[in-house]
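Inspection log for the structure reproduced underneath, given as structure tokens.
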Amino acid sequence: MPVRELQVELGARRYPIRIGRGLLDDATGLAAFVPGRHALIVSDRNVAPLYLAQVEAALKGKTVKSLVLPAGEQEKTLARFGDVMAALAALDASRDATVVALGGGVVGDLAGFAAACWMRGVRFVQLPTTLLAMVDSSVGGKTAVDLPQGKNLVGAFHQPAAVLADTATLDTLPDRELRAGLAEVVKYGAIADAGFFEWLENKADALLDRDADALAEAIAVSCAHKAGIVARDETEQGERMLLNFGHTFGHAIETEQGYGGLLHGEAIAVGMVLAARLSSDLGRAPWADTARLAALLERLGLPVALPAGLSGDALLARMRLDKKAVSGSLRLILWSGLGRAEVVTDVPDLEIRAVLDA
Ligand code: NAD
Ligand code: GLY
């Protein structure tokens with residue numbers, strides 16, 4: 001299967017997204033994005049045993065260190081950020097150093113934030129190994145760590161020099177993680193592309209069976225949407241907010257569960273259904289579209305209802321700390337139906353509570 005390449009265009013700046021099997025075996029292709037002498041590879045304990053040796057081999061001849069962290073959302077912390085800083089210091093990394101993120105969104109967000117901060121910003125390269133990271137987190141330059149008070153509260157916009165998505169790495173991705181990534185794929189259809197949503201309805205079984213063509217197509221379409229939106233609104237002044245469909249609810253769930261409950265993609269699946277339901281409750285969107293969204297997510301093996309034991313009051317309080325809120329007033333991403341998301345600021349608390357309590 002040929003390698004697909006897209007560009008993220010940011011005015012005078014641009015970087016490639018490459019999608020294909022075997023990209024981690026292409027030492028020259030990888031090393032081309034690591035021009036300086038020093039490189040720090042950041043990975044986690046699940047991914048490193050599988051793929052770190054390939055990346056280290058590709059960077060042979062440079063001064064390279066690898067930092068392998070425990071896996072999972074609970075590790076996307078300021079303390080782990082400190083570990084990456086310490087590893088860069090131990091490497092004697094200079095301004096021409098490159099941070100290489102090898103893993104899912106947790107590693108990508110954390111390593112990217114470290115790259116944004118080390119010496120006020122060094123290069124970094126994203127080597128995403130989860131579906132979620134390939135379709136969303138590796139593209140667009142949002143980097144961050146979580147606080148106990150909220151997701152991604154400390155971070156920076158810092159674009160990668162390249163995103164190299166080796167789809168062969170998905171062969172080892174657990175089914176639950178694959179499904180979590182599909183939630184973010186569905187998001188693009190829901191917010192911007194009803195035709196793609198319908199394609200996903202038709203290809204649901206192929207995607208769950210890891211059909212290589214279907215997965216590559218889903219990744220490429222998702223990345224094209226993300227690249228386009230980021231090109232038009234790099235720092236989320238407007239259109240980029242739409243990518244947060246389901247996220248105000250989803251982040252509140254993740255935070256309230258102490259980052260150890262639903263996976264990020266699963267929380268977003270629930271969040272999208274809540275946002276869609278709220279839209280329909282408010283008379284903004286047809287109930288039929290909301291039902292279609294829930295049905296597709298369910299068919300993809302994703303949760304579509306709040307986990308038991310979460311309090312509506314607590315979730316609403318978490319939602320108020322969301323980064324999209326302005327002057328204490330919530331800004332939600334709702335929709336007017338398939339493919340049509342919108343920013344809405346004046347939703348009464350009572351309506352939000354009704355959806356949380358339903
Ligand atoms: P993750 O990084 O925790 O990876 C999921 C799990 O899969 C981990 O246990 C990991 O070790 C394992 N894994 C990764 N690749 C594997 C492989 N190829 N084979 C076997 N195991 C593998 O989670 P994620 O879902 O990739 O990312 C979620 C994070 O991304 C969240 O923190 C979320 O906030 C962030 N995110 C960021 C953006 C952004 O724009 N920056 C967008 C969406 C999500
Ligand atoms: N995942 C949301 C964004 O990148 O803007």
Residue among ALA86, ALA114, ALA204 with the largest mean-square fluctuation in a Gaussian network model of the chain, springs linking Cα atoms under 10 Å: ALA86
For segment 182-191, 3J(HN,Hα) per residue [Karplus equation, 6.51 cos²θ - 1.76 cosθ + 1.60, θ = phi - 60°, Hz, x = Gly/Pro]: 5, 4, 6, 5, 4, 3, 4, x, 5, 8
Around SER222: net Lys/Arg minus Asp/Glu count, Cβ-Cβ under 9 Å: 0
Counted charge near PRO35, where neighbours are those whose Cβ lies closer than 10 Å (Asp, Glu -1; Lys, Arg +1): +2
Long pairs among LYS151/LYS187; LYS65/LYS203; LYS60/LYS226; LYS62/LYS187, criterion Cα-Cα beyond 30 Å: LYS65/LYS203; LYS60/LYS226; LYS62/LYS187
Spin-label model distance (nm) - ALA224 vs ARG120, 7 Å beyond Cα toward Cβ: 4.0
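How big is the Rg/Rh ratio for the chain, C-alpha atoms only, Rh by Kirkwood, two decimals?
Ratio of gyration radius to Kirkwood radius for the chain: 0.96.
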Accessible area expressed per residue, the chain, with surrounding protein chains retained (probe 1.4 Å, Å²): 38
Alpha-carbon Debye profile of segment 72-136, log10 I(q)/I(0) at 0.14 Å⁻¹: -0.38
Distant alpha-carbon pairs in segment 290-358 (separation over 20 angstrom), percent: 42
Nonlocal amide H pairs with THR98, under 5 Å, H built at 1.01 Å: HIS38, ALA39, LEU40
Euclidean distance of C-alpha centroids, segment 26-87 and segment 282-303, integer Å: 39
Packing rank of 15-28, 267-280, 174-187, where each peptide gets the mean count of other beta carbons within 10 Å, highest leading: 267-280, 174-187, 15-28
Relative contact order for segment 145-209, counting Cα pairs under 8 Å that sit 6 or more residues apart, in percent: 15
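Mean separation of Cα pairs under 8 Å and 6+ residues apart, divided by the residue count of segment 11-125: what relative contact order is that in percent?
30
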Spacing of the two label points (7 Å from each Cα toward its C-beta) at ASP25 and ASP313, in nm: 5.9
Antiparallel bridges, percent of DSSP beta bridges restricted to the chain (to nearest 5): 45
GNM result for the chain, Cα springs below 10 Å: residue of LEU102, LEU315, LEU132 fluctuating most strongly: LEU315
Carbon + sulfur, % of accessible area of the chain - ligands and nucleic acids excluded, 1.4 Å: 51
For segment 280-296, 3J(HN,Hα) per residue [Karplus equation, 6.51 cos²θ - 1.76 cosθ + 1.60, θ = phi - 60°, Hz, x = Gly/Pro]: 5, 4, 7, x, 8, 9, x, 4, 4, 5, 4, 5, 5, 5, 4, 5, 5
Counted charge near ALA206, where neighbours are those whose Cβ lies closer than 15 Å (Asp, Glu -1; Lys, Arg +1): -4
Gaussian network model of the chain, springs between alpha carbon atoms under 10 Å - residue of ASN202, ASN46, ASN244 with greatest fluctuation: ASN202
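The values are calculated or read from the model by the stated rules, or taken from the named source; none is laboratory data. Bear in mind the structure is a predicted one, so any value in this text is a computation, not a measurement. Cβ coordinates were reconstructed from backbone atoms using ideal geometry, including for glycine residues, and neighbour counts include every protein chain displayed. To get the accessible areas, we keep the full protein, side chains included, count just its heavy atoms, and leave off ligands, DNA and RNA. Shrake-Rupley method; radii C 1.70, N 1.55, O 1.52, S 1.80 Å.
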